[in-house]
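Beneath this line is the structure, given in structure tokens, with notes to follow.
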Amino acid sequence: MAKIRVNKLALELGLQNDQIIEALQKKEIAVKNHMSSVDEEVAQDIRDLFAPKAPKKTAPKTVKVKAKTKIKIKAPSKVKITTAKTQAKSGVVKKTEEKAKPTTAKTKKEESKEVAEAKPAKKLGLKIIKQEEKPPEKEKEAKIPAKEKPKAPEPKIEKPAVAKETAPAPVPAPIEEEQTFELVKITENIPIRDLAETLKSTPNEIIKELMVFGVLANINQTLNFDLASKVADKMGFEVELLVEKSELDFSEEEEEDNLKDHITRSPIVTIMGHVDHGKTSLLDAIRKTEVTKIEAGGITQHIGAYQAHIKGSAITFLDTPGHEAFTAMRARGAQVTDIVVLVVAADDGIKPQTKEAIHHAEAAGVPILVAINKVDKPDAKPDEVKKQLADQGLLPEDWGGQTIYIEVSALKGTGIDNLLENLILQAEIMELKANPKLMAKGVIIESKLDKGRGPVATLIVENGTLQIGQPFIVGCHFGKVRALIGDAGKKIKKAIPSMPVEIVGLPDVPQPGDHFMVVQDERRARQLSNLRLQKQREVQLAKSTRITMDDLHKQILEGQVKELDLIIKADVQGSIHAVQEAFGKLGGNEVRIKCIHDAVGGITESDVLLATASNAIIIGFNVRPTDQATKLALREQVDIRMYSIIYDAINDMKAALEGMLAPKFKERVIGRAEVREVFTIPKVGAIAGCHVLSGKAERNLEARLIRDNVVVYQGKIASIRRFKDDVKEVAAGYECGISIDKFQDIKQGDIIEPFVMEEIIS
């Protein structure tokens, strides 16, 4: 079935991309942006939906309008008649006809002036049609008197001609105005200088138009397609996204995809769950191998991709170290997983990582199948597990829900066949298809640098067939397939869709989530690599910002935000519930506040990755982010807001929604010091023997005492000593003794974090 892009459909219907996307989403059709493709059947539904809004009924008559515009131009018969009238007295008729011709040329100029005044006449639909039917008769009447020289009827024709022609004069104007819209093609990211040249304007004019939209920019700044199209539209241009053949990455236009060649592909299943709940052991039971013995300490250290064959059907399994890698790939635009199997131990119930896995799978929109493991243990309580998971929104089928629950024992191998049958059944319902005759496309799952073989990567083939010797591009690098190694460690000649394979021949170590694509030749691969590098630089310059509380109101007004996703982390569960209820009351008609994940504990890399993939804001109460999470948040431009008072968070969110958020102070962390030893001195109390990890520790500054990423106490640093000397500050890399004012409960492993509040000068 032929497909059409959203932007082309919008151009066809004369609508904005956002209107088409909103209509598709109402029909529950998943589209990401204006570059997404839809089936011709869906496109026809959209055409039918917007048909009443377009002037369908007048369509056959608009042809007449175009044809009759010439008649109407002649129809200022008052000019003809008046000339005939004035010259009939002198007895000259032929001269009147000669004079009538240049007057028609003048009326065209007059008609172009009337275009500016034609906008109010757009709503005169029916009246215009009635008037359009009459002009031909009038013209005939007007021509006859000119030849036969009648003097008496001329004034009678003149009056209705003037009265009725003044109204229809603007009718063709809107039609001609639409036709004069010039179509220009621009790239997805375009510098202001190039946009000005394309629109036949100056950079200053473009900058002025951007200021109308509330965007301050300079001549060297790069604009994204949506913003550039708004500017072009205001300046009287129709915009189309330019996608050069050489720039096509994973577009269906790269190769013709024949539906007749499609075959059923194997499902890709990701095993997720809490640590030590038996994820790898379950996979071991399925594959009947000894994977757990290979892993260090029996814990999975990297992503493993394996394929199991059951009754003639193959299933590809991804064994992840939790869910971080799963979300990292999704954050990079790679949606590999078809089904998620959530493993929960029957004797342990749901744990924090179990909840996180549920939230990550739900955010990705992937169906979840629950495997209750370790049912062979005497203290197993599968019904209790079902109850706990039902509270998280996973209602079992036998309780009236839609989630499939399978009780298994990875140790004894019970329930494994039932699990596999349900996975195959779920895959059949999803109707997973792929075309093996195309050039291979896939996603990198993991990568490493091997001493003997160089850069090596594990990838999942999504479409097409991968063979040895084929040139390829991955990320911004290109190379040639030197060897293919299957999941069993044996060399293979080719890899079909849904097959995991290890590839040798990479120029560099790619990132998990990078897209892999086979191209025609090495020259094409080199060209595409250069273009991707250029595009990467443009994206970095464009810096498509994520949602922040500072510009939340602005984005709501522009219609960019209709649902605000939040991640809430706190020191106690009670704070989470209180905040969720308070935030739920703040949302209105314009935006709905939704909590996609909540948990007790500090802010981790996993939280930042989820925020990156879901474009969410992180709210923290009496908790702190880890160093890794802070660095990742800065790199990914994720907004993290930390509070110690719930009411402050509620007030800030309310102010952000109303566009009144204007913080006067900003927190700046001075340094971090780790408590290595605790000394108790009489009459002084507890002294923390610290090693300054970063920044500096300074006396008389406010500081937090953090334990397991949770703020235990906040107070002032009373004194800092280095050996026997009392010092003002200690830099990173040195050791010192720190005492905190009015606090004695210091423990080994605590983090002391001094900070200052700086006034923001706007």
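Here, each number is a calculation from the coordinates, and none is a lab measurement. Predicted model, so just to flag it, every value in this text is computed and none were measured. No Cβ is skipped: glycine too gets one built from the backbone with ideal geometry, and neighbour counts run over all protein chains shown.
A few notes on this one:
- The residues S694, S529, S229, when put in order of fewest to most other Cβ atoms within 10 Å, stand as S694, S529, S229.
- Our coupling estimate for the range 627-632, obtained by passing each phi through the Karplus curve with A = 6.51, B = -1.76, C = 1.60 and θ = phi - 60°, is 4, 5, 5, 4, 5, 5 Hz, Gly and Pro reported as x.
- For the range 441-520: rounded, prolate or oblate by the Cα gyration tensor [a/c cutoff 1.5]: rounded
- When the range 669-759 is reduced to its Cα atoms, the Kirkwood hydrodynamic radius in Å: 12.7
- Sorted by Cβ density within 10 Å, fewest first, the residues V678, V711: V678, V711
- Ranking of Y405, Y734 by count of other Cβ atoms within 10 Å, fewest first: Y734, Y405
- Global form of the range 595-753, assessed from the alpha-carbon gyration tensor, a/c cut-off 1.5: prolate
- Computed from Cα atoms alone, the Kirkwood hydrodynamic radius reported for the range 185-242 is 10.9 Å.
- Anisotropy class of the range 3-50 from Cα gyration tensor, a/c 1.5 cut: rounded
- Label-point gap, in nm, between Q527 and F723 - each point 7 angstrom along Cα→Cβ: 7.0
- Extension reserve of the Y647-E205 stretch, reckoned as 0.36 nm per residue once the Cα distance is removed: 154.6 nm
- Inter-probe distance in nm under a simple model that places probes 7 Å from Cα toward Cβ, at H309 and Q534: 4.7
- Rounded to 0.05, the FRET efficiency of the T630 and A51 pair, given R0 = 56 Å and the Cβ-Cβ distance, is 0.60.
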